[in-house]
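Data block below; observations after.
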Amino acid sequence: MTTPPPDADRLIRARATLGDFDLTVCTDGTFVLDGGAMFGVVPKTLWSQRVTPDSDNRVQLGLNSVVVRTGDQTIVIETGLGNKLTPKLAAIMQHQPRLLQSLAAANVDPASVNIVINSHLHWDHCSWNTTLHPDGSVTPTFPNARYFAHAGEVAHGRLQLERDRISYVAENYEPLIASGQMSLLTHESIALDPTIFSSPAGRIWVECFPGHTAQLMAIHIESRGQHACYISDLIPTAHHLDVTWAMGYDLDPLRVIAERKRFYARAIPENWLVLFTHDHHTPMARIALNDKGKPVVATLE
Ligand SMILES: [Zn+2]
């Protein structure tokens, strides 16, 4: 393994003020995935110049959740890899669940969270929606929150396809749907009104950017003319900014290229703060084009 940097254990990954809103990037720790799978068709000779793999060719990834404090509401975007992995899988993925400690470090009591938003329902994005207890029971981690996810993700998860069934764990969402605590969005409902939260201070809303999955949602956060966007697995890390550097996991890599272009067409000229779901070391950045016209990190927050 590469030597972890000195800040690897830091429980709060970043903070930013966005108009009247406060953003805190919390973490569910790190995990490892095969570097080739993370960079799709990009040759290792290229991606290994940006990320150093371990001796088994694995790269370390973060699990970033964003806490938005709007003044009177606390909103959590994404809930990490959770505590339901079998010991064997947790060892293979080198994951130690940290989100609850990270939220505590950010002074967030799970019972005080009003809204939880899942960009999609892969297990590395929604597993702390619920908590597995030693007796095998599963309860909502955020008992007083309204959860939001896309109905198309639930439908896809229920198919349990060979390609990606490992990522769709029913306990992460089915109990919340059954109890009525999770609201399911549709393409129609989003077209009608994408707003999850709004107040005089600002607005949080969702927009589909398909490619990684057919209904992956980005989460837009706006306050007083400032704009941040949690772009999730459309651009999982700051090392994936090139439009063709898609992941092997992406179900539709051609669509990823088109959607990244559509994203940059607004995010760069409007100077959005971009929040990366799996970048442990660059959880947020603004994007610019370099002299070759390629998107690069402009400024770190
Ligand atoms: Zn995913």
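Hey, got a sec? Which GluC sites (Glu not before Pro) in segment 192-279 land in a DSSP loop and have at most 12 other Cβ atoms within 10 Å?
Within segment 192-279, the qualifying GluC sites (Glu not before Pro) (loop, at most 12 other Cβ atoms within 10 Å) are 270.
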For residue 80, the net charge from surrounding residues (Cβ-Cβ under 9 Å; K, R +1; D, E -1) works out to -2
Long-range amide H partners of residue 298 with built H, under 5 Å: 286, 287, 288
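What is the dipole size for segment 89-237, taken about its Cα centre, with +1 at each Lys and Arg Cβ and -1 at each Asp and Glu Cβ, in debye to the nearest 20?
Roughly 200 debye for segment 89-237.
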Taking segment 116-216, the equivalent ellipsoid from its C-alpha gyration tensor has semi-axes in Å, biggest first, of 23, 19, 10
Segment 1-128: spread of alpha-carbon positions along the three principal axes, whole Å, largest first, is 48, 34, 29
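For each pair in 44/84; 88/261; 44/292, compute the distance between the two Cα atoms and list the pairs where it is over 28 Å.
Values: 44/84 32 Å; 88/261 39 Å; 44/292 22 Å.
From 44/84; 88/261; 44/292, over 28 Å: 44/84; 88/261.
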Tally up the carbon and sulfur contribution to the accessible surface of the chain as a whole percent, 1.4 Å probe, everything protein left in place. 55 percent
Formal net charge of residues neighbouring residue 144 (Cβ-Cβ distance under 15 Å; K, R +1; D, E -1): -1
Keeping every protein chain present and rolling a 1.4 Å probe, give me the accessible area per residue for the chain in Å². 42 Å²
Using alpha carbon centers only, segment 26-87 is separated from segment 113-182 by a whole-angstrom value of 18 Å
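Explain nothing, just the number: dipole magnitude of the chain about its Cα centre with +1 on each Lys and Arg Cβ and -1 on each Asp and Glu Cβ, in debye rounded to the nearest 20.
Value, rounded to 20: 460 debye.
What is the packing order of peptides 117-128, 190-201, taking the mean over residues of other C-beta atoms within 10 Å and listing the highest first?
Working: 117-128: 26.1, 190-201: 13.6.
Put in order of decreasing packing, that is 117-128, 190-201.
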For segment 185-193, in residue order, the Karplus 3J(HN,Hα) values (coefficients 6.51, -1.76, 1.60; θ = phi - 60°; whole Hz; Gly and Pro = x) are 8, 10, 4, 5, 5, 5, 5, 6, 6
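Could you work out the percent of alpha carbon pairs in segment 238-289 separated by over 13 Å, rounded to a whole number?
Value for segment 238-289 (Cα pairs over 13 Å): 61 percent.
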Residue 156 accessible area, nearest 10 Å², 1.4 Å probe? 40 Å²
Defining a contact as two alpha carbons under 8 Å apart and six or more residues distant in sequence, what relative contact order in percent does the chain show? 18 percent
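Please state, as a whole number in µm²/s, the translational diffusion coefficient that the Stokes-Einstein equation yields for the chain at 37 °C and 0.692 mPa s, with Rh defined as the Kirkwood radius across alpha carbon pairs.
Translational D for this selection: 170 µm²/s.
The values are calculated or read from the model by the stated rules, or taken from the named source; none is laboratory data. Remember, it's a predicted structure, so these values are computed and weren't measured experimentally. Cβ atoms come from the backbone with ideal geometry, glycine included; neighbour counts cover every protein chain shown. The area values use the complete protein model at the heavy-atom level, side chains included, leaving out ligands, DNA and RNA. Shrake-Rupley method; radii C 1.70, N 1.55, O 1.52, S 1.80 Å.
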